[in-house]
Amino acid sequence: MFKKGTSLIDFYSKGGDVGSVRRVFDDLLVKSTATWTAIIAACVNVGKSEISLQLLRNMLETDVVPDNYVVSSILGACSSLSILKEERKFIVMCLDGEQRWMLW
């Protein structure tokens, strides 16, 4: 189901249909790193950077471990929002927190 969910998220995001992306994501019973990455990247790509930051916060509250693709998307979101303070906070969290695996 992860592959199907991720594929649908990718499909809808390419058409800019964030509503369908969100419905597919919300309907998934179990969310993998790939599905979280797909929805975060989809939101950034259609200009919904603030939503992508909230999704990252939600992801960090779960047991799912973000990967380098999430880091890349979030840095893009912070840049597009011109919120360098938030970007620095995210980088510090990666350096000082348990998220050392995020460094690249």
Worksheet item: Residue-wise, which Karplus ³J(HN,Hα) couplings in Hz belong to the range 4-10, taking 6.51 cos²θ - 1.76 cosθ + 1.60, θ = phi - 60°, and x for glycine or proline?
Response: 5, x, 5, 5, 5, 4, 4
Discussion item. For a protection proxy built on the mean count of beta-carbon atoms within 10 angstrom, sort 9-21, 31-43, 57-69 highest first, please.
Written reply: 31-43, 9-21, 57-69
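Since every read-out is calculated from the coordinates, none of them should be taken as a lab result. Just so it is clear, the structure is predicted and the values come from calculations on it, not from any experiment. With ideal geometry, Cβ positions are generated from the backbone for all residues, glycine too; neighbour counts draw on all protein chains shown.
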